[in-house]
Amino acid sequence: MSRQTINQLLQDNRLKHYVTQESVPVVPLVVEEAFNGLSDKEKKYAHYISQASWAGTRIVLAQASHEAPAIFDFLQSFFRSLVPLEGSFTVDDLNKKINANETDLKNFLQYAVNFYGNLGNYKSFGDTKFIPRIERDALAKIVSTSSPDTIKLFEACVDAMYSLDEENLEIGFGKTTCSGYYTKDVTKEDAELVQGFLEQQDISAYNTRLFKTSDGFTVLLASATKLPSKTHQYKNVNITVEYGDYQQDMANIVKNLKLAQENALNDHESNMLLKYVESFDQGSIEAHKDSQRHWIKDKGPVVESNIGFIESYRDPLKVRGEWEGFVAVVNKETTKKFNALVDNAENFIAMLPWNHHTKAFEKDQFQRPDFTSLEVVTFASSGIPAGINIPNYDDIRQTEGFKNVSLGNVLNAPITQGADELSFLHESDHEKFKTLKGKAFEVQVGLHELLGHGSGKLLSSTNQENSQFNFDPSTTINPLTNKPVDTFYKYGETYPAKFSTISSSWEECRAEAVGIYLCVQEQVLNIFGFCDKELADDIVYVNWLNMVRAGLLGLEYYSPDSKQWGQAHMQARHAILRVLLRAGQGLVTLEESDGETLIRLDASKIKTVGVAAIEHFLLQLSVLKSVADKESAFKLYEELTSLDERWLQRRQVVLNKKTPRRVFVQCDTRLNSRGAVELHNFEANEIGMIRSFITRFDQ
């Protein structure tokens with residue numbers, strides 16, 4: 001496409017949304033009080049796992065896009081020469097050094113903040129590209145004051161930084177592939193072919209990238225040790241498996257995990273770290289699975305952590321994991337609520353709709369998990385969630401257990417409570433929504449993680465001949481068809497590979513639906529301290545209203561060009577909105593006039609019309625997943641999440657009202673001259689965000 005100025009792009013209704021917005025909110029991830037309560041050994045343990053987590057930064061960048069590492073190097077080089085690590089320093093002080101136009105400098109800093117906050121030049125929530133708001137020539141003028149090395153770094157990445165060619169707008173499969181997991185010439189069909197090979201060879205795709213070569217494909221496995229490569233023939237195609245991807249990064253990760261092991265707080269943590277080291281050194285997902293087996297046995301640790309190739313949201317095929325490492329301190333008071341939820345989990349799981357029909361679709365035995373509220377010290381990945389349910393390995397989750405965590409200082413981080421936070425809501429709902437949204441969301445996160453992701457069973461074969469099963473085919477009736485179950489996971493098949501592109505969103509939809517379905521239960525509300533009936537009813541109302549509103553806001557993450565959703569959770573929430581609208585009877589209505597849309601939710605119909613609609617939908621979501629009925633699932637999701645002309649018009653209204661998504665400035669841990677660990681905080685502004693990164697990676 002021809003190069004357009006930023007001003008021209010801002011007049012283009014389709015492309016203006018790819019330009020970094022004017023003011024990206026920077027909020028602090030507050031953890032000082034919790035961290036200072038740790039012992040010296042606990043602080044060292046946390047420090048070294050934090051270092052290992054951040055050592056994977058370049059992996060996250062490379063997974064986001066091919067150009068992201070180069071942009072990162074440019075930004076680091078530019079700011080390292082100008083911004084001191086200590087002392088008072090402002091944007092005005094920075095401008096005194098480079099003498100730039102104030103608006104140009106502000107727009108450049110907003111891009112840098114967004115890039116650091118998303119660890120790449122694609123939004124972690126939505127997977128769409130963003131480019132600087134400053135004109136390219138103006139940025140070049142600012143950079144011209146830098147060293148020759150910085151200028152070279154800028155020149156090497158500026159074209160890709162500003163490119164809004166069609167194939168670069170969003171992560172996914174299209175005319176060319178836009179994803180750091182693949183070379184551009186890898187098609188969806190190529191990726192599926194190689195996935196078939198990996199499954200045949202019993203090789204997990206979690207820690208891999210896939211590159212097309214002149215004579216076939218190369219599957220790159222992340223490892224600190226470069227093991228011998230091997231080329232295979234599969235369906236007349238050469239596929240080479242090569243170890244040593246991200247070799248230096250993995251070596252740094254291994255080094256810090258070995259130091260963490262010296263400060264492990266118990267045998268479970270020591271054994272977990274040994275397996276982490278083996279996994280990242282040798283590229284072994286089996287060793288990583290073993291690390292997770294030790295991790296789920298480490299009940300109620302003071303310092304909680306997890307690290308590896310974890311979530312597959314950003315992979316267009318949904319089988320490759322993004323690098324992620326987090327370290328957090330347990331919040332004991334809030335954890336008490338979640339422990340009470342765990343204590344009653346089996347009773348609540350029995351209330352889920354598939355269990356009204358048969359126990360065959362639920363795990364044979366509930367594996368009591370850890371469920372803790374955490375104050376995050378470090379979260380090294382492209383984005384920070386509000387809650388987590390891991391491990392994602394179904395063979396472990398189904399039979400051995402899992403853990404749930406709610407990230408308290410993420411949930412409670414400050415947000416702007418202005419008109420943008422209340423868009424699409426009637427004025428009569430504003431005060432209640434502002435006051436109770438955080439409390440209602442805590443209930444939703446708890447139910448979503450523990451009872452959503454923690455429930456349900458995959459019906460599968462247990463031998464290679466597909467003649468033995470973990471269910472009785474002769475007696476198990478599918479409640480959707482009232483006929484015996486005739487589909488299941490064949491030996492070696494996994495849910496992510498089977499459900500491919502919708503797997504992440506389908507599972508998030510199932511978990512979100514569990515949350516709003518069970519939040520109406522008095523016992524659940526009592527656990528969270530909402531014993532007063534009026535307050536409890538208000539919590540239910542705000543939770544459902546928040547879900548409906550999220551389903552509308554989710555339209556931002558749909559691409560009319562590719563007809564794909566860029567964010568799993570938002571596609572899920574939109575599906576739920578459509579289900580509630582279909583329920584009719586005035587439960588949910590969208591009042592539209594003069595380009596405005598307001599949501600009306602009838603509180604009196606939530607526990608009747610609403611619950612009945614979600615009950616049926618939840619039965620579909622869970623049973624279709626359990627029986628591996630990919631075809632029916634794709635058909636249903638297409639019905640609920642494809643957009644006709646009216647929905648596309650609503651999408652434009654949402655885009656016109658959208659506001660920047662907040663980014664977090666995180667603290668840094670470091671050893672002082674006495675070998676003790678200190679926590680360093682940074683201001684919640686542009687300079688603070690920049691300092692956090694040049695300090696964290698100070699050479």
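The values are calculated or read from the model by the stated rules, or taken from the named source; none is laboratory data. Keep in mind that what you see is a predicted model, and the values were worked out from it rather than measured. Note that each Cβ is placed from the backbone with ideal geometry, even for glycine, and that neighbours are counted across all protein chains shown.
Which residue is surrounded by the fewest Cβ atoms within 10 Å (Cβ to Cβ), if the candidates are limited to the stretch 171-200 and must be touching a helix residue (DSSP H, G or I) at 6+ places or on another chain (Cβ under 7 Å) and not small (Gly, Ala, Ser)?
Only one residue tops the list, namely Lys175.
Residue by residue through the stretch 225-254, note down the ones that are under 18 Å from Phe697 (Cα atoms) and exposed (fewer than 13 other Cβ atoms within 10 Å of the Cβ).
Gln248, the sole residue that qualifies.
With the structure loaded, tell me whether Gly387 is at pLDDT below 90, outside the structural domain of Phe115 (by TED's automatic domain parsing) and either in contact with a helix residue (DSSP H, G or I) (Cβ under 8 Å, 6 or more places away or on another chain) or surrounded by 15 or more Cβ atoms within 10 Å (Cβ to Cβ) (or both) or whether it fails that test.
Values: at pLDDT below 90: yes; outside the structural domain of Phe115 (by TED's automatic domain parsing): yes; either in contact with a helix residue (DSSP H, G or I) (Cβ under 8 Å, 6 or more places away or on another chain) or surrounded by 15 or more Cβ atoms within 10 Å (Cβ to Cβ) (or both): yes.
Considered against the rule, which asks whether it is at pLDDT below 90, outside the structural domain of Phe115 (by TED's automatic domain parsing) and either in contact with a helix residue (DSSP H, G or I) (Cβ under 8 Å, 6 or more places away or on another chain) or surrounded by 15 or more Cβ atoms within 10 Å (Cβ to Cβ) (or both), Gly387 comes out as yes.
Within the stretch 168-180, can one find any residue that is touching a residue at least 24 places away in the same chain (Cβ under 8 Å), in a helix (DSSP H, G or I) and in the same structural domain as Asp12 (by TED's automatic domain parsing)? Explain how you work it out, then say what you get.
We begin by selecting, within the stretch 168-180, every residue touching a residue at least 24 places away in the same chain (Cβ under 8 Å); these are 168-174, 177-180.
Checking which are in a helix (DSSP H, G or I) leaves us with 168.
The next check asks that each one be in the same structural domain as Asp12 (by TED's automatic domain parsing); those that pass are none.
No; the residues of the stretch 168-180 include none that is touching a residue at least 24 places away in the same chain (Cβ under 8 Å), in a helix (DSSP H, G or I) and in the same structural domain as Asp12 (by TED's automatic domain parsing).
What number goes with the only condition from (1) at pLDDT 95 or above; (2) within 30 Å of Arg578 (Cα to Cα); (3) surrounded by 14 or more Cβ atoms within 10 Å (Cβ to Cβ) that Lys635 does not pass?
(3)
Based on what the data block shows, is Ile71 touching a residue at least 24 places away in the same chain (Cβ under 8 Å), over 30 Å from Glu322 (Cα atoms) and of a type in the set (A, V, I, L, M, F, W, C)?
no
Kindly list the number of the only condition in (1) surrounded by 18 or more Cβ atoms within 10 Å (Cβ to Cβ); (2) among the polar types (S, T, N, Q); (3) more than 30 Å from Val377 (Cα to Cα) that fails for Gln666.
All conditions pass for Gln666, except number (3).
What helices (runs of 4 or more DSSP H) lie completely within the stretch 553-654 and have 3 or more residues being more than 19 Å from Pro353 (Cα to Cα) and in contact (Cβ under 8 Å) with a residue 12 or more places away in the chain?
Result: 568-583, 630-641.
Would you confirm whether any residue within the stretch 604-626 is over 29 Å from Asn543 (Cβ atoms) and acidic (Asp, Glu)?
no
Can you name every residue in the stretch 66-79 that is crowded, with 22+ Cβ neighbours inside 10 Å and among the small types (Gly, Ala, Ser)?
Ala68
Would you mind telling me which numbered condition in (1) within 23 Å of the chain's Cα centre (by Cα); (2) part of a helix (DSSP H, G or I); (3) touching a residue at least 60 places away in the same chain (Cβ under 8 Å) Val548 fails?
Tallying (1) within 23 Å of the chain's Cα centre (by Cα); (2) part of a helix (DSSP H, G or I); (3) touching a residue at least 60 places away in the same chain (Cβ under 8 Å), Val548 fails exactly one: (3).
Return yes when Ala513 is in contact with a helix residue (DSSP H, G or I) (Cβ under 6 Å, 6 or more places away or on another chain) and without any contact (Cβ under 8 Å) to a residue 60 or more places away in the chain and no when it is not. Walk me through it before giving the result.
Details: in contact with a helix residue (DSSP H, G or I) (Cβ under 6 Å, 6 or more places away or on another chain): yes; without any contact (Cβ under 8 Å) to a residue 60 or more places away in the chain: no.
No, not satisfied.
Within the stretch 114-152, which residues are among the aliphatic types (A, V, I, L, M) and over 23 Å from Tyr181 (Cα atoms)? Break it down stepwise before answering.
Initially, the stretch 114-152 is screened for residues among the aliphatic types (A, V, I, L, M), giving 119, 131, 134, 138-140, 142-143, 151.
Correct list: Ile134, Ala138, Leu139, Ala140, Ile142, Val143, Ile151.
Could you go through the stretch 446-454 and let me know if any residue there is within 23 Å of Leu618 (Cβ to Cβ) and part of a strand (DSSP E or B).
We begin by selecting, within the stretch 446-454, every residue within 23 Å of Leu618 (Cβ to Cβ); these are 446-454.
Within this subset, residues satisfying the condition of being part of a strand (DSSP E or B) are none.
Checked against the condition, which is being within 23 Å of Leu618 (Cβ to Cβ) and part of a strand (DSSP E or B), the stretch 446-454 yields no hits at all.
Any idea how many residues of the stretch 121-158 are free of Cβ contacts under 8 Å to residues at least 40 places away in the same chain, outside any loop (DSSP other than H, G, I, E, B) and over 28 Å from the mean Cα position of the chain (by Cα)?
8
Please work out which residue is farthest from the chain's Cα centre (by Cα), limiting yourself to the stretch 172-210 and to residues that are under 23 Å from Asn118 (Cα atoms), modelled with pLDDT of 95 or more and β-branched (Val, Ile, Thr).
Filtering the stretch 172-210 for residues that are under 23 Å from Asn118 (Cα atoms), modelled with pLDDT of 95 or more and β-branched (Val, Ile, Thr), the one farthest from the chain's Cα centre (by Cα) comes out as Thr183.
Please verify whether the stretch 362-374 includes one or more residues that are among the β-branched types (Val, Ile, Thr), without any contact (Cβ under 8 Å) to a residue 40 or more places away in the chain and touching a strand residue (DSSP E or B) at 6+ places or on another chain (Cβ under 7 Å).
No, that holds for no residue.
Inside the stretch 485-530, can you point out the residues that are closer than 26 Å to Arg314 by Cα and of a type in the set (Asp, Glu)?
Listed by number, the residues that qualify are Glu493, Glu507, Glu508, Glu512.
Of the conditions (1) more than 30 Å from Ala205 (Cα to Cα); (2) surrounded by fewer than 15 Cβ atoms within 10 Å (Cβ to Cβ); (3) among the basic types (Lys, Arg), Arg368 satisfies every one except a single condition; which number is it?
Tallying (1) more than 30 Å from Ala205 (Cα to Cα); (2) surrounded by fewer than 15 Cβ atoms within 10 Å (Cβ to Cβ); (3) among the basic types (Lys, Arg), Arg368 fails exactly one: (1).
Determine the pairs where a residue that is over 16 Å from Ile203 (Cα atoms), located within the stretch 275-298, has a partner that is among the polar types (S, T, N, Q) and assigned to a helix (DSSP H, G or I) with Cβ atoms under 6 Å apart, the partner being 6 or more residues away or on another chain.
Lys275/Ser291; Tyr276/Ser291; His294/Asn271
Are any residues in the stretch 644-699 of a type in the set (Gly, Ala, Ser) and more than 19 Å from Tyr111 (Cβ to Cβ), and if so, which ones?
Residues satisfying the conditions are Ser673, Gly675, Ala676.
Of (1) outside any loop (DSSP other than H, G, I, E, B); (2) at pLDDT below 95, Val30 satisfies all except one. Which?
Here Val30 meets the rest and fails (1).
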